[in-house]
1. Once you keep just the Cα pairs under 8 angstrom separated by 6 or more residues, what percentage relative contact order results for chain B?
2. Pull out the extension gain between B:Lys120 and B:Met351, defined as 0.36 nm times the separation in residues minus the alpha carbon to alpha carbon distance; nm, one decimal.
3. Express the relative contact order of the range A:364-468 as a whole percentage, based on alpha carbon pairs under 8 Å and six or more residues apart in sequence.
4. Given 0.36 nm per residue, what is the gain on full extension from A:Asp95 to A:Asn409 after removing their alpha carbon distance, in nm?
5. Where the centroid of each part is defined by its Cα atoms, how far is the range B:159-181 from the range B:390-411 in Å?
6. Expressed as a rounded percentage, what relative contact order does chain A have, with Cα pairs under 8 Å and six or more residues apart?
7. Of the GluC sites (Glu not before Pro) in the range B:275-332, which ones lie in a loop per DSSP and count no more than 12 other C-beta atoms within 10 Å?
8. Could you work out the helix-only [θ] at 222 nm for chain A, with each DSSP H run of four or more residues adding -39,500 (n - 2.57) and the total divided by the number of residues, to the nearest 500 deg cm²/dmol?
Amino acid sequence: MQKEYKTVREIKGPLVFVDGVDGASYEEIVDVKLPDGSERRGKVLEVDGDKAVLQMFESTQGVGVDGASAKFLGKTLELGVSTDMLGRVFNGTADPIDGGADIIPEKKVDINGAPINPYSREFPNSFIQTGISTIDGMNTLVRGQKLPIFSGAGLPHSRLAAQIARQAKVVGSDEPFAVVFAAMGITFEEAEYFQEQFRSTGAIENAVLFLNLANDPVVERIATPRMALTTAEYLAFEKDMHVLVILTDMTNYAEALREVSAARKEIPGRRGYPGYLYTDLSTIYERAGIVRGSKGTVTQIPILTMPEDDKTHPVPDLTGYITEGQFTLSRELHGKDIYPAVDVLGSLSRLMGKVAGKSTREDHSGVASQLFASYARGKQAKELAIVLGEEALSDADKKYAEFAEAFENRFVRQGEDEDRSLDDTIALAWELFTILPVSELKRVKEQHIEEFLPKKKEQNAEEKADETA
Amino acid sequence: MSETVTGKIRKVSGPLVVATGMKDAKIFDVVQVADQKLIGEIIELEGDVASIQVYEETSGLTPGQPVVSTGLPLSVELGPGLLDSIYDGIQRPLQEIEKAAGGPFITRGLEVPKLDRSKKWSFEPVAQEGDEVKEGDILGTVQETELIQHKVMVPPGMAGTVKSLKAGEFTIEETVAVIATEKGEKEVQMLQYWPIRRPRPVQNKQVPTVPHATGWRVLDTLFPIAKGGVGAIPGPFGAGKSVTQQALAKYMDAQVIVYIGCGERGNEMTDMLIELPELEDPETGKPLMQRTVMIANTSNMPVAAREASIYTGITIAEYYRDMGYSVALMADSTSRWAEALREMSGRLEEMPGEEGYPAYLGSRTAAFYERGGIVTCLGSDDRQGSLALVGAVSPPGGDFSEPVTQNTLRVVKVFWALDADLAAARHYPSINWLNSYSLYSKQLEGWMNENVGSDWSEMRNRMMDLLQKEGQLQEIVRLVGFDALSGEEQHILETARTIREDFLQQNAFDDIDAFTSHAKQYEMMRAIDTFYVNGTKAIERGVAPKDVFEIEVRQEIARMKGVEETKLEELKTVADKIGAAIDALQATE
């Protein structure tokens, strides 16, 4: 039942207070009508007796206490979903902005979704090959995983995300896939970059884009990721598609949340963010995974920029507690002009242990562990060399320093269009291991050293040749 | 049962609903909110106004809708059928929710029975008709799973003469015994109730003196937890809290495990659900799931139910403790529970304490951990039961000075500090040996020396000492280099490296390495200790340090973690081989 009230009492930031409301329900959608006939959309944030607090998704500019009226629509925020959304571009509240026709929905779904029953989940276990060595080799992405990119201002996270979106595939599988892209408060140029990437590769045919740009209403951002995930869940769990969701930039999302919280005069948590930021973020990130009885999957790659590259800032911090690992970008590597500048030591894929060496090559997990350990030691050696001078390093440490250098330049560094197979990545790692003495290769199995280490391989081949001769 | 009270919704704000007309309701009563009958709990009463935390999504609720009080506090159902189950925060079986919801998503207002009402259990009486019984006495048993025999006890507060006692197949609601008490005859069923916020009574508590074997070397050797002990694992994300908790749930030698996923990842719970049925109990070969109760209230499930999940879990754990079992409870993570408290407190507009947490955070935390311990259970047989608690803490930014970590540290006796730097170097488990502590280690020394090896504590203390010294020596190395150290000091660093790499590091994903028995830990420790003690002597008599470091048999220490438990005899020879090899080294001039 729709009811209209002309009793707007107060407007404060994104909030509108309406009095004398009868029977408004929590989270109900409200259209605020201005005297000029235009409408702004909002939702009920709190009801207390006959008073309702509305959170507007659009700017409250121009809304006056007199003359405005609030129409309660009697339903919560829903998104009409359809496979026709593929190839289309929408704004942050899901109105088409590509000049195309409106979507005729196959069904309407509450954008808040519902939590997936842990009992109904299937554990993610198919390896996604992204063609990027630092990811495939050391921080493997798995279908159904949520793995964010922790970046900083000016770092190439967009290029990395676009490369993942272009190259990601499950080797030997040709099931239908889609990309759902949600932009929250990013610049026109960044959004254009993604669109261009999708267009130039033809991926746009299988992509749904939701764009809330930097100059779009801030509070609209709170709905944008939920629109995207509702679409993704529909495509995955009802249309059996493998969906990759890219959300950028989650820091802007959290700021929108903080703005609403501040306007409501809530008691702030750390750095002014609301105390429920963790819970709120989890209702976004947890909407990834695989459910029993459905062929499709939702994989999430949220992007966030860490203010001052600070990993302990509430947004990356709480994100890290929810997501299954993270790719961290390094300003130092970026400064050395190494793309994709993934800081492997600060990165982690929690699901890697479930696939590496099990559904991938058997030496995968040992190689990854060896790379981590050797690079960590190599970096330490390099730091030590700065303090004490290179001469003071032990022979082993010199080798490690050399390894770290080669690792950054050959393993981390790769072209933006370079699509390395996992085999290539692992072969490259073995090649780098030749820098180190064999006795230092403690994390890989003996038999793998015999089989894969280039020197050993040659030796073994020679021995065989000798024997046969 | 008390009268039901019906009021009306006045305000809705997230999980908080305020209702009027609730004058006769009691605090902590369970209420049904609106026509959807959402489950809630009264957390504040003022005049006829009740503040209710609702355990389900509140969207769509409207002022004026009815609120009905059930007159009962939030309780768990106790009885056979708890083990081998997975529940949400208010003990609704997730399997039943899936059936009721008809899909993978948890919808609202689902009413499902907590325990199976139709299943028949084979009840075998233990007491006899005519026996005088008091609270806690065992009336009979039910083989709940192949691993655990369920004991049906006289409910707390009841005493009298057994008038009749049945044997045979019954559902949990059927009467199995009648007890003539002073207040008349009482029927006893297998199904019993207990309010989650009230600790179950015991005769008395004792000081823990027996260790739990966890299979993790760094824990069992350096920072042991006792049966009935309480510990915390704080650490930043990615340091391995969940992996540690899960490894404990799998390999800890408790008879019953309660695992609470409180506000954590959905996939992690799924992982446990898939793995536990596949893992076997080392003694019986039965799936470990048969001794486990899981509570999963993932981060995106309603926040109020997350607050309740901790209490639901501990009440079930106490129930099995009361049967005389050693029980261990893992809560991952208590920080999410504290955040749920904070969120509700904020919505109630209470005056905040530190960082917005309510002022009662400390007392609630302490009250939770005090429910652990080793006790003499109710009942005339004076049986002992224990309940160990291990809570993960997720400090923002890995900063241990925040309120949840600090309030926890005030009450727990074991502190396993996870370290981000160790995790980044892939040193797992990344438990920092310099910051962590166990206040039980002195209490448990006696048991270890008696049951594992008489020189256990001596070697253990030497190992700790070496690790402490390593920290100091490394500072010096950073300034002047390794070669500036004396031979003995170099040997300390070398031994400490062996301790770190070959003893403390352990791979939770490797079949053999994932669990190490006390006996095997002892042999590994003995090998390293011999390397250190004999090596020091050799260097003192003039052997070049390098010769000691590079002896061939040292490789065997590194290989020990990969040797199966069944080949203990082989491991026993390593220490002697190392000793002999070092003693044979010639002094150089």
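1. About 13 percent, as a whole number.
2. Values: separation 231, 0.36 × 231 = 83.16 nm, distance 5.10 nm.
Result for the pair: 78.1 nm of gain on full extension.
3. Details: 78 pairs, mean separation 31.7, N = 105.
Reported as a whole number, the value is 30 percent.
4. Numbers: separation 314, 0.36 × 314 = 113.04 nm, distance 4.52 nm.
Between A:Asp95 and A:Asn409, full extension yields 108.5 nm more.
5. Between the Cα centre of the range B:159-181 and that of the range B:390-411, the gap is 47 Å.
6. Values: 962 pairs, mean separation 73.2, N = 469.
Once divided by the residue count of chain A, the mean separation gives 16 percent.
7. Values: sites: B:Glu275, B:Glu278, B:Glu280, B:Glu283, B:Glu307, B:Glu318; in loops: B:Glu278, B:Glu283.
Here the GluC sites (Glu not before Pro) that fit, given the DSSP loop and packing criteria, are B:Glu278, B:Glu283.
8. Details: 14 runs with 155 residues, N = 469.
Estimated from H runs of four or more residues: -10000 deg cm²/dmol.
The values are calculated or read from the model by the stated rules, or taken from the named source; none is laboratory data. Worth saying up front: this structure is predicted, and the values here are computed from it rather than measured. Ideal geometry is used to build each Cβ from the backbone, glycine not excepted, and the neighbour counts take in all protein chains shown. Surface accessibility is based on the protein's heavy atoms, side chains included, excluding ligands, DNA and RNA. Shrake-Rupley method; radii C 1.70, N 1.55, O 1.52, S 1.80 Å.
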